[in-house]
Amino acid sequence: MAPDEAVFKGKRVLVTGGLGFIGSNLCLRLVKWGAKVTVVDNMMPRLGGNLFNVKEVADQVKINFSDVRDSHSMDYLVKDQEYIFHLAGQVNHVDSIRNPIQDLDINCRGTLVLLESCRKYNREAKIIFSGTRGEYGSSVTLPVGEDHPTNPKGIYAVTNLTAEKMVLVYHDVHKIPGTCLRITNTYGPRHQMAHDEYGVLNWFIRKAIDNEEIPVFGDGRILRDFLYVDDLVDCFLQVAACDRAYGEVFNVGTGVPINFIDLAKKIVEIAGTGKVAFTEFTRERKEVEPGDYYTDISKIKRVVGWAPRTDLEQGLRKTIDFYRKHKKEYWQ
Ligand SMILES: NC(=O)c1ccc[n+]([C@@H]2O[C@H](COP(=O)([O-])OP(=O)(O)OC[C@H]3O[C@@H](n4cnc5c(N)ncnc54)[C@H](O)[C@@H]3O)[C@@H](O)[C@H]2O)c1
């Protein structure tokens, strides 16, 4: 089922992290559907903030270059918003290991500042929080459902889990409607392509486009499900529009696993360039690698009616085409 675009027409929507990968794709759709969109983004170095991401709607979104930890800005920005999509986060896995205090500050304090601004100035706003599959840690059973134990392996996942709990506490205690997504690896247009510190599938695509070796870690047999960003945008909008979603946590993925060797081979086949190669895990990466993961999406299908619509091959084709066309905006 496609989300209902009429729901967002004329609605006031705040997107934190709206210049990044997922946030910008979401903004483009919201603008297309007639929402009044405000973005807050601090353009943090080495993350995905890129003005080119929203170039085609630049005159239709308000961009506030601010930090979600700045309570003065947030007090002002949350006022009168009907929906708040909270995507601003420290998402760089390698930086998270090098500087975990920064993760704590952005992901936890940033979320709490946003929630406090809503408590003070706008308890009606509906908050949609973007968490990660990493909150589960190593899988005990597959596919992973929402009742799977949460034993995060890295601080990035710990701070996401904590932020998710904060959103749910404000839902229960202060009656500020909040819903939380635990999202699998997502790929597609508008991701940062400058380095390999997060966003593995997009990095593989860069290597293929540049006709270089695609570095598959270890034996390449680890399983993941990869979600195309347009399907994730559908998901955000469908969840936001569903009253029964508030107060709940949902897994978001495809549920269709593939291992990294087969993924790399598929990219080479579609791109017609690049070559699969094996490399050792770095020590840092090995320590936080949770192993096989793929998503049980039965809850979100049942409650919200969302399911992905793009298969991996279609998604890869669209993504490769996009970066071939816009390489210069993303390669540095
Ligand atoms: N991409 C994925 O595969 C994936 C998977 C699971 C969850 N998520 C979650 O989705 C969200 C968005 O991720 P993304 O992939 O779009 O990353 P991204 O790096 O492309 O976007 C993050 C954006 O947040 C902004 N930002 C960071 N700190 C900020 C702050 N303190 N104040 C204001 N803006 C700030 C950055 O400048 C950037 O534009 C994150 O919360 C991430 O944890 C992403």
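Only the coordinates and a few stated rules stand behind these numbers; no lab work does. Because the structure is a prediction, the values reported are computed rather than measured. Here the Cβ positions follow ideal geometry from the backbone for every residue, glycine too, while neighbour counts run over all protein chains shown.
Observations, loosely collected:
- Packing-based exposure ordering (other Cβ within 10 Å, fewest first) of R190, R244: R244, R190
- Relative contact order of segment 94-173, defined on C-alpha pairs under 8 angstrom at six or more residues apart (%): 41
- Considering every alpha-carbon pair of segment 247-325, the percent of pairs per 5 Å bin, from zero through the bin containing the longest distance, is 3, 12, 15, 17, 17, 18, 12, 5, 1, 0.
- Relative pair counts by distance (%), Cα atoms of segment 1-124, 5 Å bins: 2, 12, 21, 22, 19, 14, 7, 2, 0
- Distance cut-off 18 Å, percentage of C-alpha pairs in segment 51-98 lying past it: 50
- Footprinting exposure proxy for Y293, Y330 (fewest neighbouring C-beta atoms within 10 Å first): Y330, Y293
- Listing E329, E135 from fewest to most neighbouring C-beta atoms within 10 Å gives E329, E135.
- Listed by chain and number, the lysines whose C-alpha is less than 23 Å from the C-alpha of K153, apart from same-chain residues fewer than 8 away, are K165, K286.
- Considering only alpha-carbon pairs that sit under 8 angstrom and 6 or more positions apart, the relative contact order computed for the chain is 18 percent.
- Each residue of segment 271-278 was assigned a 3J(HN,Hα) from its phi angle through the Karplus curve 6.51 cos²θ - 1.76 cosθ + 1.60 (θ = phi - 60°); the sequence is 6, x, 9, x, 8, 7, 9, 9 Hz, with glycine and proline shown as x.
- Long-range Cα-Cα pairs in segment 145-200 (distance over 13 Å), rounded percent: 72
- Taking 7 Å steps out from each Cα toward its Cβ at R221 and A307 produces label points 3.1 nm apart.
- From helices alone, the chain scores -11500 deg cm²/dmol at 222 nm; the rule is -39500 (n - 2.57) for each run of n ≥ 4 DSSP H residues, then divide by the residue total.
- Gain in span if fully extended, R109 to R317, counting 0.36 nm per residue against the direct Cα distance: 71.0 nm
- Scattering curve values for the chain, log₁₀ I(q)/I(0), Debye with Cα scatterers, q = 0.08, 0.13, 0.14 Å⁻¹: -0.34, -0.95, -1.12
- Set of lysines near K9 by C-alpha distance (under 19 Å), chain-local residues within fewer than 8 positions excluded: K32, K36, K62, K79, K126
- In plain terms, if you count all Cα to Cα distances in segment 181-332 and split them into 10 Å steps from zero, the share in each step is 11, 38, 33, 15, 2 percent.
- With one equal scatterer per alpha carbon and no solvent term, the Debye-computed log10 I(q)/I(0) for segment 194-241 at 0.28 1/Å reads -1.09.
- Most fluctuating residue given options F281, F204, F129, as computed from a GNM of the chain linking Cα atoms under 10 Å: F281
- Unit Cα scatterers, Debye sum, segment 105-214: log10 I(q)/I(0) for q = 0.12, 0.15, 0.16 Å⁻¹: -0.55, -0.78, -0.85
- Point-to-point label distance, S71-A6, nm (Cα→Cβ direction, 7 Å offset): 4.2
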